[in-house]
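Here is the structure we will look at.
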Amino acid sequence: MTKTRHQSVGLTDDQVLEMYRYMLLARKVDERMWLLNRAGKIPFVISCQGQEAAQVGAALAFDKTKDYLCPYYRDFGAVMVFGQTAQDTLLSAFAKAEDPNSGGRQMPGHFGGKKYRIMSGSSPVTTQVPHAVGIALAGKMTGENQVVFTSFGEGSSNQGDFHEGANFAGVHKLPVIFFCENNKYAISVPLKKQLACKSVADRAIGYGFPGVSVDGNDPIEVYRVTKEAVDRARAGEGPTLIEAVTYRLVPHSSDDDDRVYRNRDEVDEAKKQDPLVIFATYLKEVGLLTDKAIDQLNREVQVIVDEATEYAEKAPYPAPESTMTHVYGS
Amino acid sequence: MTKTRHQSVGLTDDQVLEMYRYMLLARKVDERMWLLNRAGKIPFVISCQGQEAAQVGAALAFDKTKDYLCPYYRDFGAVMVFGQTAQDTLLSAFAKAEDPNSGGRQMPGHFGGKKYRIMSGSSPVTTQVPHAVGIALAGKMTGENQVVFTSFGEGSSNQGDFHEGANFAGVHKLPVIFFCENNKYAISVPLKKQLACKSVADRAIGYGFPGVSVDGNDPIEVYRVTKEAVDRARAGEGPTLIEAVTYRLVPHSSDDDDRVYRNRDEVDEAKKQDPLVIFATYLKEVGLLTDKAIDQLNREVQVIVDEATEYAEKAPYPAPESTMTHVYGS
Amino acid sequence: MANMSYIDAITLAMQEEMRRDPRVFLLGEDVGVRGGVFRASNGLIDEFGEERVIDTPLAESAIVGVAIGAAAVGMRPIAEIQFADFILPAVNQIVSEAAKLRYRSNNDWNCPLTIRAPFGGGVHGALYHSQSVEAMFTNVPGLKVVAPSTPYDAKGLLKAAIRDEDPVLFFEHKRCYRLIKGEVPEEDYTVPIGKADVKREGTDITVISYGMTLHFALQAAEKLAEEGISAHVLDLRTLYPLDKEGIIEAASKTGKVLIIHEDNKEGGVGGEVAAIIAEHCLFELDAPIKRLCGPDVPAMPYSPPMEKFFMLNPEKVLEAMRELAHF
Amino acid sequence: MANMSYIDAITLAMQEEMRRDPRVFLLGEDVGVRGGVFRASNGLIDEFGEERVIDTPLAESAIVGVAIGAAAVGMRPIAEIQFADFILPAVNQIVSEAAKLRYRSNNDWNCPLTIRAPFGGGVHGALYHSQSVEAMFTNVPGLKVVAPSTPYDAKGLLKAAIRDEDPVLFFEHKRCYRLIKGEVPEEDYTVPIGKADVKREGTDITVISYGMTLHFALQAAEKLAEEGISAHVLDLRTLYPLDKEGIIEAASKTGKVLIIHEDNKEGGVGGEVAAIIAEHCLFELDAPIKRLCGPDVPAMPYSPPMEKFFMLNPEKVLEAMRELAHF
Ligand SMILES: Cc1ncc(C[n+]2csc(CCOP(=O)(O)OP(=O)(O)O)c2C)c(N)n1
Ligand SMILES: Cc1ncc(C[n+]2csc(CCOP(=O)(O)OP(=O)(O)O)c2C)c(N)n1
Ligand SMILES: [Mg+2]
Ligand SMILES: [Mg+2]
């Protein structure tokens, strides 16, 4: 019997279905947040739409009981693989006390949670990259040798912290996967005004470790190259830089109007490559999904998102005076 | 008649003699500063010894009536090509008012001088790299299109400012030559603890422009690759990263003791490649110098250095109260 | 005179200066096609082209460092930092380079650079889109730090900053952008950097502030007037170097001083203002020098009740002013 | 008790903490084989190996950023910044990340990181090896800023910093390194962060200082005693958050306050100290609150007459103290 494409990279049928489910959940939660924003219920949304395959495909290559994630603000797909729930995300969107990322202190997309092995992130881009390297360094010292997954946009790969962090990891051969989600824009600034190299992956050679570029709309391929990188890292062979080529299907955030800087044709064209659509097609082709099953899945996910929304909307805000707490440890 | 090596790269006999003379002058001034330091007459020395060929070879590829130099602290050879005199250097070493770099405000090696088209530099490494890019950007706007020469050590190529500056220049295709003087150490930290790439030049591909590695002990080769880069830059073809492989023959500075971190064999081995020695050998081989001529040149240079020392030692200090001046323009 | 918003005054200042002097150009993230995320550079790329309105790569140290290089050779860059919070990666270039270029070169080089950055909160911006970072720069000789509170001052000070021969950090309170409107003359004018401005004359208490909280003080002063309390309100406008004389004069006038800023209290600009008063007109004081500031926590949280708790507002200001008046 | 230099006390503190706790490690430029450019980590690599005494690449933002990551997962890094002046490229990591990690994660994560940096001048270090950069960080909630002036305090505070659950900036005055010697107990002890210390009891004037200038004040106090003037000398030790009670108590004690620091005056830590006094014990004052500080210029020049002009010294301090006493 010939292997399917996912089997040949070591993914079981169950795993690819799980993959799809995570992608769908991330998408649906994201769509819900836009609705809530447009209805005036939440002040801000930042989106993963278009990048779910890259995020989920990569995250599934890690051992979430052991490895660490230092994500960036679009990584709804990745944090879900590491354990965050739709409810967590909605709690954060509503800035409620129970939000596991920050207790409502940070904007949505500022992930964190020790129990999920997700390092707390901030807004200034790329600061998480050296953190990932430090977590890997600590793992080397303690012998835990966890592999660390850190992600960032292609615009953010121009920050000094990317360079300094990658170089440090290269010198110390640390188990870090630098995952660049190249969605072609940094807010309004197109790729060609951000960098002049052919691929962000080209930067790896300057740090003495491998760089790979992969189609970020194909979660199986993303999984494959990430898994290889993770295996190498776990074997003590050091870091890898991966560029996942994607496209951001929606505006930068709820404060953005992307019509100013990109034409609709371009976006429409990209929508044809929507990873959810093409992955669904694949799963149908290999006989793992049917249209009916997809409908069913959509309904299930919708229920999860509805319940999460309801829960989060009703959940209490943090107390005003709690503003004064946790500046320092006791 | 077969061409000599220097002729085949477009250097006249006079030019290579000038090259040698600059190298020698830089070396002799440097040696003098060490003597003055050891005699307790000046508090600090930082050295170019071992890097003269790289500095002079590269600097001669520029048009000093038009181009700009954003050097780093070892570049005594380069600043001399751009017009600084031995006296300037000694005035700076003695921290005298007449020092053209800073009026005695900065340590030696902190070059500057509008009349020489040398941008004022500071101590924090690599900050000059974005400045060079900005000067080139200005030249593009004004139509002057000067080419900008900026240099830095290999350790300093790990700073974020290198990455951010190089990337900016790559995106805007600016006429900047990024010149890395790889002398194998950043103070005590050896190359392998600084970076894991094979050559610093490998970093260029990540910015979309060419990177070249060259033997920094060979001023003709350094001139050749730099001239090519300058020509390309002047033709609007953008930046180049050049790595000149050299060795620092003396301690990092007068405050350093290099015996702690490198053994004498290594240093002795490197001294065999002393660019002054090998370039003199070459010039003798091609019949441009004799031992006698070298002696004569040494004496001439010695007189210059002696006179410069005498002048600088006698020159007045800045007035104490001048500490309060030039915080802002009037 | 035209009545315009604070942000429009800023746009206009840039436009006029770019028309006036071909050496002026703007660079930053999203300042071109997008016209800035707050639209402060709206339309400029259409008029001046992408050579003079540059969408840079996402790298603040380069934005400032490149601008310094260009300024050094005679250009007059305006570098926009998208949010004041994101100025931090550029601190080395600002403090080690821009601020010290003239001094270290013994006046041979200088750095006529303006860095604009929107600061302050109350816009659901959470920890990293709400900070007041000015105090980090008000100890750096060689820099000038400006924070206008009205459209008139914004335009006049921005023009002065662009024409200044030294680096100026220009902080724009983002809640002022569209909320604060005012008269702005048609003619070319500048407002001098280094001079505080009495925004309201009074005799009972002196309030010293800048940015958005200045407006809270003015609103509160109106109310207090009804209670028969007369407040003297000084707008610092320039935060570094401070207008010592203006501060001493304003403090001496009433002998009761309240300093207000959104930035947290300890180590904020208000401390220096208080210290100047305590050094120069202590015996003219009839009450301890009071400060009303943001709480000493890392930054403003996102969650609405917490943001509200953090922010000053006219009521909190009114209360503090009244209390001081009754001291 | 052993009599040892300030720098030896620092080395010893690191050695003892590294022996005591395997999670403690040191990273920075030249800290390994070279033992640090000031030799503060002399010998540590021999005892603890290059895994725990790490010579990093030349990149301060990475030194701090990597240390933050390691601290977050339970290590206790000590990051050395070679000169305080070179902390500036790491400001974003320090202020946006280390200082805010606990707060932004609602206490889920924290950052037990110590950053050591030699500051101050008078060592022919010129503009960029002499700066006092502390004021940049004394407005940042979430951070603690410490600057000991004696070997006893240096050792005890460094141990406290290493054991602290939050990030501590530890500034070491480089002229104290070998000049200042003192008794240091053999036993393990810590000095609490956040507490100022009365280094000399007195009744006529109160001097508040830290770092090298504290010693100038103590020397001057000796001389003044001969003139019958009794000076009370408070060592701040922790610069952020300040020990308000200690300051108020010391100021109230004599009613005449002189604040001294090497950092330039405007916007320096002394401003906040003065403001605290002016807010809390104004009516106990018998004289304006005076400050004696470095001049408001970008940094200390190299040329000897200028360096001397810039630096405070026992004579300048004596004069200011005497003048205040006679007010
Ligand atoms: C240091 C810093 N500067 C600026 C910003 C504002 N900002 C937020 S996201 C963004 C663009 C990021 O682009 P990219 O890295 O490509 O990621 P993407 O949003 O496209 O996924 C900018 C400029 C920031 N968050 N941090
Ligand atoms: C930002 C910064 N960090 C640290 C230093 C201290 N320092 C001065 S030179 C140097 C090593 C530089 O090494 P490299 O770049 O290889 O240049 P080299 O001295 O070898 O020519 C260091 C760490 C500095 N000047 N600036
Ligand atoms: Mg992007
Ligand atoms: Mg080197």
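The values are calculated or read from the model by the stated rules, or taken from the named source; none is laboratory data. It should be emphasised that the depicted structure is a prediction, and the values quoted were computed from it without experimental measurement. Here the Cβ is made from the backbone with ideal geometry for all residues, glycine too, and neighbour counts use every protein chain on show.
Descriptive notes on the structure:
- Residue count for region A:103-148, restricted to those that are at the interface with chain D (Cβ under 7 Å from one of its Cβ atoms) and part of a helix (DSSP H, G or I): 10
- Scanning region B:75-99 for residues that are part of a helix (DSSP H, G or I), under 21 Å from residue B:62 (Cβ atoms) and of a type in the set (A, V, I, L, M, F, W, C) turns up B:76, B:78, B:79, B:80, B:81, B:86.
- Any strands (runs of 3 or more DSSP E) falling wholly within region C:217-275 and containing at least 1 residues that are surrounded by fewer than 24 Cβ atoms within 10 Å (Cβ to Cβ), modelled with pLDDT of 95 or more and within 13 Å of chain D (Cβ to nearest Cβ): C:257-264
- Residue match in region A:129-142 (condition: within 16 Å of ligand 3 (Cβ to nearest atom) and farther than 15 Å from residue D:70 by Cα): no
- Within region C:46-73, the set of residues being touching a Leu at 6+ places or on another chain (Cβ under 9 Å) and β-branched (Val, Ile, Thr) comprises C:53, C:54, C:56, C:63, C:64, C:66, C:68.
- Taking residues in region D:129-154 that are in contact (Cβ under 8 Å) with a residue 60 or more places away in the chain, and partners anywhere that are aromatic (Phe, Trp, Tyr) and outside any strand (DSSP E or B), the pairs with Cβ atoms closer than 7 Å and at least 6 places apart or on different chains are D:143/D:137; D:145/D:137; D:147/D:210; D:149/D:210; D:151/D:6; D:154/D:6.
- Within region D:26-37, residues that are more than 15 Å from residue D:67 (Cβ to Cβ) and in the same structural domain as residue D:158 (by TED's automatic domain parsing) have Cβ atoms under 8 Å from residues that are within 16 Å of ligand 4 (Cβ to nearest atom) and of a type in the set (Phe, Trp, Tyr) in these pairs: D:33/B:261; D:34/B:261, counting only partners at least 6 apart in sequence or on another chain.
- Within the set A:101, A:145, the sole residue that is farther than 18 Å from residue B:164 by Cβ, more than 16 Å from ligand 4 (Cβ to nearest atom) and modelled with pLDDT under 95 turns out to be A:145.
- Strands (runs of 3 or more DSSP E) enclosed by region A:174-277 - at least 1 residues per element that are crowded, with 18+ Cβ neighbours inside 10 Å, touching a Cys at 6+ places or on another chain (Cβ under 6 Å) and in contact (Cβ under 8 Å) with a residue 40 or more places away in the chain: A:240-245
- Within region B:167-213, the set of residues being within 15 Å of ligand 2 (Cβ to nearest atom) and either charged (D, E, K, R) or within 17 Å of residue B:130 (Cα to Cα) (or both) comprises B:178, B:179, B:180, B:181, B:184, B:192, B:193, B:203.
- Taken as a whole, the structure places residue C:318 among residues that are over 27 Å from residue D:110 (Cβ atoms), in contact with a helix residue (DSSP H, G or I) (Cβ under 8 Å, 6 or more places away or on another chain), in contact (Cβ under 8 Å) with a residue 12 or more places away in the chain and surrounded by fewer than 24 Cβ atoms within 10 Å (Cβ to Cβ).
- Against the numbered list (1) in contact (Cβ under 8 Å) with a residue 60 or more places away in the chain; (2) within 16 Å of ligand 2 (Cβ to nearest atom); (3) within 20 Å of residue B:295 (Cα to Cα), residue B:25 comes up short only at (2).
- Residue match in region B:168-188 (condition: modelled with pLDDT of 95 or more, under 30 Å from residue B:258 (Cα atoms) and more than 19 Å from the chain's Cα centre (by Cα)): yes
- Test result for residue A:67, farther than 30 Å from residue C:123 by Cβ, of a type in the set (Asp, Glu) and crowded, with 24+ Cβ neighbours inside 10 Å: yes
- Cβ-Cβ under 6 Å pairs, at least 6 apart or on other chains, region B:153-172 side in contact (Cβ under 8 Å) with a residue 60 or more places away in the chain, far side within 16 Å of ligand 1 (Cβ to nearest atom): B:170/A:196
- Listed conditions (1) in contact with a helix residue (DSSP H, G or I) (Cβ under 9 Å, 6 or more places away or on another chain); (2) in a helix (DSSP H, G or I); (3) more than 15 Å from residue A:280 (Cβ to Cβ) are all met by residue A:10, apart from (2).
- Checking residue B:61 against (1) more than 14 Å from chain A (Cβ to nearest Cβ); (2) within 16 Å of ligand 1 (Cβ to nearest atom), the condition it does not meet: (2)
- Selection count, region D:1-52, where residues are in a strand (DSSP E or B) and away from every other protein chain (no Cβ under 14 Å): 4
- Inter-residue pairs, beta-carbon under 6 Å, first more than 22 Å from residue D:77 (Cβ to Cβ) and in region D:1-20, second assigned to a strand (DSSP E or B) and of a type in the set (A, V, I, L, M, F, W, C), 6+ apart: D:2/D:184; D:4/D:184
- From D:67, D:79, residue being within 11 Å of chain A (Cβ to nearest Cβ), at pLDDT 95 or above and within 17 Å of residue D:119 (Cα to Cα): D:79
- Within region A:228-245, considering residues that are within 16 Å of the chain's Cα centre (by Cα) and of a type outside the set (Val, Ile, Thr), the one farthest from residue A:164 (Cα to Cα): A:244
- Residue check: residue C:61 meets all listed conditions (1) facing another protein chain (nearest Cβ under 7 Å); (2) within 16 Å of ligand 3 (Cβ to nearest atom) but one, namely (2).
- Residues satisfying the stated conditions in region A:43-57, i.e. over 13 Å from residue A:250 (Cβ atoms) and in a loop (DSSP other than H, G, I, E, B): A:43, A:44
- Residue list for region D:36-62, filter: hydrophobic (A, V, I, L, M, F, W, C) and out of contact with any helix residue (DSSP H, G or I) (no Cβ under 9 Å at 6 or more places or on another chain): D:37, D:45
One line per residue, one yes/no per condition, for (1) assigned to a helix (DSSP H, G or I); (2) facing another protein chain (nearest Cβ under 8 Å):
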position: C:278; (1), (2): yes, yes
position: C:286; (1), (2): no, no
position: C:299; (1), (2): no, yes
position: C:312; (1), (2): no, no
position: C:319; (1), (2): yes, no
position: C:324; (1), (2): yes, no
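- Filtering region B:214-238 to residues that are within 16 Å of ligand 2 (Cβ to nearest atom) and in contact with a Ser or Thr (Cβ under 8 Å, 6 or more places away or on another chain) leaves B:216, B:217.
- Selection status of residue D:18, under 21 Å from the mean Cα position of the chain (by Cα), in the same structural domain as residue D:143 (by TED's automatic domain parsing) and more than 30 Å from residue C:127 (Cα to Cα): no
- For residue D:73: the one exception among (1) facing chain A (nearest Cβ under 7 Å); (2) closer than 22 Å to residue B:122 by Cα: (2)
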